[in-house]
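Working notes, beginning with the structure itself.
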């Protein structure tokens, strides 16, 4: 092969590897020895996305990138990682941040059930779970903060450390169960999207949105909490607090 072509290919590959991260973007380190991936918000950054794929991707500005071990060059994957931590930027005080776990293509625990995700971003933050086109069951409960069981097997997979936050779950296509009955200390928003979904609220303020399909929506009914319960297309069934909740597009009520 022509030496100029070989040299050009090497220069091109080097340029890709050395591509700088965007300004005000998250940073990531992976340690293959401890099997830990650590993502940190940058100053002024309001949102970070984690997306499981062939590797574990994180958002760097508007891009999704793999996270590499600087010593070995290996990328973090669901199979070789046991702890994924997302941290707030240090030294800037409280900031409002939204952490997104995008499971529209693959689940965080598809490759290994040993993988746990920790979101250590502080108060007044939001966690968003986006599910894909399959029948999903998700359970939300309380710990030090929100605890999320991604596949309803009584083992929590996502952990947060503050209750002064909110959790949103987008079910995606499929017949989904989103269960927040065990939640007492944080607000939830649940979106069924396409399919026949079951959405169960917690003790705080909830937004239950069935969207398409024949959905079942249960407000927890704690006195004084104003939940938003909205059916959508299809024949929807709901249990609401008639004195406090805001509800619409519910064809049948359970008393």
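The values are calculated or read from the model by the stated rules, or taken from the named source; none is laboratory data. Since the structure is predicted, the reported quantities are computational estimates derived from the model, not experimental observations. Cβ placement follows ideal geometry from the backbone for every residue including glycine, while neighbour counts extend to all protein chains displayed.
Can you tell which of 149, 176 is crowded, with 17+ Cβ neighbours inside 10 Å, without any contact (Cβ under 8 Å) to a residue 12 or more places away in the chain, under 28 Å from residue 113 (Cβ atoms) and not assigned by TED's automatic domain parsing to the domain that holds residue 78?
149
Out of 230, 249, which single residue is free of Cβ contacts under 8 Å to residues at least 40 places away in the same chain and at positive phi?
249
Tell me the strands (runs of 3 or more DSSP E) entirely within the stretch 93-175 that contain at least 3 residues that are over 16 Å from residue 204 (Cα atoms).
Details: elements: 98-103, 116-120, 125-131, 137-142, 146-149, 158-160, 165-170.
Filter on the stretch 93-175 gives 98-103, 116-120, 125-131, 158-160.
State all residues of the stretch 59-77 that are touching a strand residue (DSSP E or B) at 6+ places or on another chain (Cβ under 7 Å) and more than 17 Å from residue 111 (Cα to Cα); if no residue qualifies, say none.
Answer for the stretch 59-77, where residues must be touching a strand residue (DSSP E or B) at 6+ places or on another chain (Cβ under 7 Å) and more than 17 Å from residue 111 (Cα to Cα): 59, 64, 65, 68, 69.
So is residue 90 over 24 Å from residue 26 (Cα atoms), outside the structural domain of residue 202 (by TED's automatic domain parsing) and modelled with pLDDT under 95 or not?
no
For the stretch 190-215, give me the residue count where each residue is surrounded by fewer than 21 Cβ atoms within 10 Å (Cβ to Cβ) and outside any loop (DSSP other than H, G, I, E, B).
Residues that pass the stated criteria total 2.
Which residue out of 247, 242, 185 is over 18 Å from the mean Cα position of the chain (by Cα) and within 26 Å of residue 87 (Cα to Cα)?
From the options 247, 242, 185, the qualifying one is 185.
Quick check on my filter: what residues within the stretch 194-208 are over 15 Å from residue 137 (Cβ atoms) and in contact with a strand residue (DSSP E or B) (Cβ under 7 Å, 6 or more places away or on another chain)?
Here is the first cut: in the stretch 194-208, the ones over 15 Å from residue 137 (Cβ atoms) are 194, 201-208.
Scanning the stretch 194-208 gives 201, 202, 204, 205, 206, 207, 208.
Restricting to the stretch 72-88, give me the number of residues that are surrounded by 19 or more Cβ atoms within 10 Å (Cβ to Cβ) and outside any loop (DSSP other than H, G, I, E, B).
3
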